[in-house]
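The values are calculated or read from the model by the stated rules, or taken from the named source; none is laboratory data. On a predicted model such as this, the values are computed, not experimentally measured, just so you know. When we count neighbours, we look across all protein chains shown, and the Cβ atoms used for this are built from the backbone with ideal geometry, even at glycine.
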Amino acid sequence: MAYNLEHLQVQLIEDNRNMRALVKAMLNALGMKDVRDYANGQQALDAIEDFTPDLIITDWMMSPVDGLEYTRYIRGDVDSPDIFTSVILMTGHTEKWRIITARDAGVNELLAKPISAKTLYDRILAVIEKPRPFVRTKSFFGPCRRRVNWKEYMGPERRFQEGDQAGLSDFNEGNVEDGIDDVEKLLESL
Amino acid sequence: MLAKIGPGHGANHAAVERAEQIIERMKGVYEARLETELENLVAEYQEMRDAKKFDLDLLHDKVHEIRGEAGTFGYNLVSDIGKLLCEMLSPIENVTAGEDRAIFTHIKAMHTVVAQKVTGAGPEVAKQIVQGLTTIVEQTKK
């Protein structure tokens with residue numbers, strides 16, 4: 001039996017208007033009927049007194065309050081309505097240091113852009129079925145940052161150091177101009 | 001949260017399918033917008049070149065937005081090329097002639113992919129283009 005997501009209160013925060021509309025429509029299609037959307041963390045912050053979310057799905061880069069700042073508010077501010085609220089962070093940045101930064105802010109799950117219906121739903125399922133226990137240290141409060149069964153993880157390694165790309169070691173040593181000429185010729189035949 | 005959703009387990013394939021249909025329904029509008037956005041990007045970059053005044057932060061932000069959306073609608077190559085371009089733009093302070101050409105080639109490549117409606121991984125030549133651009137990005141770092 002599938003979960004009934006109908007009564008979940010969801011805050012969706014994304015500054016790209018088109019992306020926001022798309023994700024909201026997808027969440028509705030996934031069964032979430034009470035989705036409030038905001039263009040940045042400040043708007044979500046202003047609204048939280050009247051609408052306490054069970055789940056927050058937020059983009060990272062926004063102003064004046066970005067997704068991580070908002071997550072830190074949820075996890076640590078005295079006015080936070082629920083410090084245990086689940087947070088899924090959408091981001092196009094998958095460099096390892098950024099992932100660590102997000103985890104350190106108290107994010108539960110990361111959703112790499114471009115997103116699909118399946119990846120969005122998978123992250124929501126992860127929050128429901130595989131919740132990380134919350135831990136408190138001197139400098140951190142949030143979901144446990146250790147990946148359980150890391151050594152048993154058999155999936156693809158998708159976390160890159162900046163500059164790491166599949167096939168980088170195969171680069172030839174030609175110059176940039178030659179490379180551009182080659183690509184321009186290839187574009188003509190695409 | 002768990003109290004609100006009640007008992008259950010596993011994926012709801014019907015719901016995922018409904019969400020996929022939403023993407024499919026929005027695809028036509030998105031494609032038209034994406035092509036316009038890339039046409040504008042080509043024009044804006046050309047203006048920067050003409051003025052010899054490059055706003056790389058603005059360019060980076062626009063490309064970052066485009067690549068974040070494109071893959072959702074099947075334009076994985078646009079996402080891949082956009083990611084390479086963002087990676088190349090980040091460390092650049094003053095644009096050299098080589099970097100200028102490399103940036104423009106990336107933008108043109110994204111535009112061509114959309115104009116030709118190449119979705120998914122595309123044909124073999126598309127892989128060669130991405131490999132070529134990857135090489136260019138790596139070389140501009142040296």
Residue ranges of helices (runs of 4 or more DSSP H) in the range B:1-92 with at least 2 members surrounded by 20 or more Cβ atoms within 10 Å (Cβ to Cβ): B:13-51, B:56-70, B:76-89
Qualifying residue in the range A:99-113 (condition: surrounded by 22 or more Cβ atoms within 10 Å (Cβ to Cβ), in contact with a strand residue (DSSP E or B) (Cβ under 8 Å, 6 or more places away or on another chain), among the basic types (Lys, Arg) and free of Cβ contacts under 8 Å to residues at least 24 places away in the same chain): yes
Condition broken by B:ARG101, with the remaining ones in (1) within 8 Å of chain A (Cβ to nearest Cβ); (2) of a type in the set (D, E, K, R); (3) not in a helix (DSSP H, G or I) satisfied: (3)
Among the candidates A:LYS138, A:LYS130, A:LYS113, residue that is of a type in the set (D, E, K, R), out of contact with any Ser or Thr (no Cβ under 9 Å at 6 or more places or on another chain) and either facing chain B (nearest Cβ under 9 Å) or farther than 20 Å from B:ALA3 by Cα (or both): A:LYS138
Residue within the range B:7-19 that is out of contact with any Phe, Trp or Tyr (no Cβ under 9 Å at 6 or more places or on another chain), over 16 Å from B:THR119 (Cα atoms), within 7 Å of another protein chain (Cβ to nearest Cβ) and modelled with pLDDT under 95 present: no
Qualifying residue in the range B:125-132 (condition: facing another protein chain (nearest Cβ under 9 Å), in a loop (DSSP other than H, G, I, E, B) and surrounded by fewer than 20 Cβ atoms within 10 Å (Cβ to Cβ)): no
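Do the conditions hold for B:THR135, that is, is it in a helix (DSSP H, G or I), within 9 Å of another protein chain (Cβ to nearest Cβ), buried (at least 22 other Cβ atoms within 10 Å of the Cβ) and of a type outside the set (Lys, Arg)?
Working: in a helix (DSSP H, G or I): yes; within 9 Å of another protein chain (Cβ to nearest Cβ): yes; buried (at least 22 other Cβ atoms within 10 Å of the Cβ): yes; of a type outside the set (Lys, Arg): yes.
So B:THR135 passes the test.
Residues checked against (1) at pLDDT 95 or above; (2) more than 14 Å from chain B (Cβ to nearest Cβ); (3) more than 23 Å from A:ALA44 (Cα to Cα):
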position	(1), (2), (3)
A:ASP59	yes, no, no
A:ILE74	yes, no, no
A:THR85	yes, no, no
A:ARG98	no, no, no
A:ARG103	no, yes, no
A:ASN108	yes, no, no
A:ALA117	yes, no, yes
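Of everything in the range B:104-124 that's in a helix (DSSP H, G or I) and of a type in the set (S, T, N, Q), which residue is surrounded by the most Cβ atoms within 10 Å (Cβ to Cβ)?
Going residue by residue through the range B:104-124, those that are in a helix (DSSP H, G or I) are B:104-115, B:124.
This time we only want the ones that are of a type in the set (S, T, N, Q), so: B:105, B:112.
Values: B:THR105: 24, B:THR112: 20.
Checking each candidate, the answer is B:THR105.
Of all the strands (runs of 3 or more DSSP E) wholly in the range A:106-150, which have at least 2 residues that are within 16 Å of the chain's Cα centre (by Cα)?
Numbers: elements: A:109-112, A:134-136, A:141-143.
Strands (runs of 3 or more DSSP E) meeting the threshold: A:109-112, A:141-143.
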Residue check, B:LEU41 modelled with pLDDT of 95 or more, within 18 Å of A:ASN16 (Cβ to Cβ) and more than 9 Å from chain A (Cβ to nearest Cβ): yes
Per-region count, the range B:93-103, residues surrounded by fewer than 18 Cβ atoms within 10 Å (Cβ to Cβ) and either free of Cβ contacts under 8 Å to residues at least 12 places away in the same chain or touching a helix residue (DSSP H, G or I) at 6+ places or on another chain (Cβ under 6 Å) (or both): 5
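Quick check on A:ALA21: is it over 21 Å from B:LYS27 (Cβ atoms) and either without any contact (Cβ under 8 Å) to a residue 12 or more places away in the chain or under 18 Å from the mean Cα position of the chain (by Cα) (or both)? Spell out how you get there, then give the answer.
On the way: over 21 Å from B:LYS27 (Cβ atoms): no; either without any contact (Cβ under 8 Å) to a residue 12 or more places away in the chain or under 18 Å from the mean Cα position of the chain (by Cα) (or both): yes.
No.
Can you confirm whether the range A:79-91 contains a residue that is of a type outside the set (Val, Ile, Thr), surrounded by fewer than 20 Cβ atoms within 10 Å (Cβ to Cβ) and in contact with a strand residue (DSSP E or B) (Cβ under 8 Å, 6 or more places away or on another chain)? Give the derivation first.
Filtering the range A:79-91 down to residues of a type outside the set (Val, Ile, Thr) leaves A:79-82, A:84, A:86, A:89-90.
Now drop any that are not surrounded by fewer than 20 Cβ atoms within 10 Å (Cβ to Cβ), which leaves A:79-82, A:84.
From what is left, the residues that are in contact with a strand residue (DSSP E or B) (Cβ under 8 Å, 6 or more places away or on another chain) are A:84.
Within the range A:79-91, one or more residues are of a type outside the set (Val, Ile, Thr), surrounded by fewer than 20 Cβ atoms within 10 Å (Cβ to Cβ) and in contact with a strand residue (DSSP E or B) (Cβ under 8 Å, 6 or more places away or on another chain).
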Flag for A:ASP37 being touching a residue at least 12 places away in the same chain (Cβ under 8 Å) and within 12 Å of chain B (Cβ to nearest Cβ): no
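Residue by residue, here is whether (1) within 15 Å of the chain's Cα centre (by Cα); (2) more than 8 Å from chain A (Cβ to nearest Cβ); (3) modelled with pLDDT under 95; (4) within 17 Å of A:LYS113 (Cβ to Cβ) holds:
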| residue | (1), (2), (3), (4) |
| --- | --- |
| B:THR36 | yes, yes, no, no |
| B:TYR45 | no, yes, no, no |
| B:ASP50 | no, yes, no, no |
| B:ASP55 | no, yes, no, no |
| B:GLU69 | yes, no, yes, yes |
| B:ILE81 | yes, yes, no, yes |
| B:PRO91 | no, yes, yes, no |
| B:VAL95 | no, yes, yes, no |
| B:THR105 | yes, no, no, no |
Failed item, numbered, when A:ASP182 is tested on (1) at pLDDT below 85; (2) farther than 23 Å from B:GLY71 by Cβ; (3) surrounded by 15 or more Cβ atoms within 10 Å (Cβ to Cβ): (1)
